[in-house]
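Below you'll find the structure, written out as structure tokens, and then a few comments.
Every read-out reported here was derived from the displayed coordinates using simple, explicitly stated rules and does not represent laboratory data. Model, not experiment: these values are computed from the prediction. Positions of Cβ are generated from backbone atoms using ideal geometry, with glycine treated the same way; all protein chains shown enter the neighbour counts.
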Amino acid sequence: RHNVVEMNKLPIPFFSNKQFKLEVKYKQMRSDKFIKGKMRAYVGKRYAGFCDFVIHLPYELKLIKIYLLPDFRRQGIGKFMIDFLKMIASELNIPIFLISNKSAIDFYLKLGFRFDGHPRNRRMIWIP
């Protein structure tokens, strides 16, 4: 049995000479196999954006939505959030799935995601 709740105690590093703080909360859903995650990103005390995801043990982590306020884009915060999800997926030995919007495909490709099926579908996967 995986103890997912303890994952929110992982250390948060610094990037770009700014401290990016992630606040992660987990909620059990339906059974032990579904865990809903909500990640909030902060730069200092300023709210920068969020990431919603679902962990379906033992199969996958689904990235539902990631959003950054316009003032906080292109600063490495989105990559930082994805890297945090990769740590969780690696710990659980499960892939990450997402459906990308067209403008974010290059972002995900740079982070090691690949298309899962035809690129027109925009479904992408990252495997630990």
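The distance between label points at I99 and K45 comes to 4.0 nm (points 7 Å beyond Cα on the Cα→Cβ vector). Projected label points at I64 and K21, each 7 Å from Cα along the beta carbon direction, are separated by 2.4 nanometres. Summary of packing: across the peptides 68-77, 86-95, the per-residue average of other C-beta atoms within 10 Å ranks them, highest first, as 86-95, 68-77. The aspartates and glutamates whose alpha-carbon is closer than 13 Å to the alpha-carbon of K33, local same-chain residues fewer than 8 away aside, are E60.
Taking amide H positions as modeled 1.01 Å from N, with prolines and chain starts lacking one, the residues under 5 Å from A48 and 5 or more places away or on another chain are A41, Y42, V43. If the chain linking E91 and L109 were pulled fully straight, counting 0.36 nm for each residue of separation and taking away their Cα-Cα distance, it would gain 4.3 nm.
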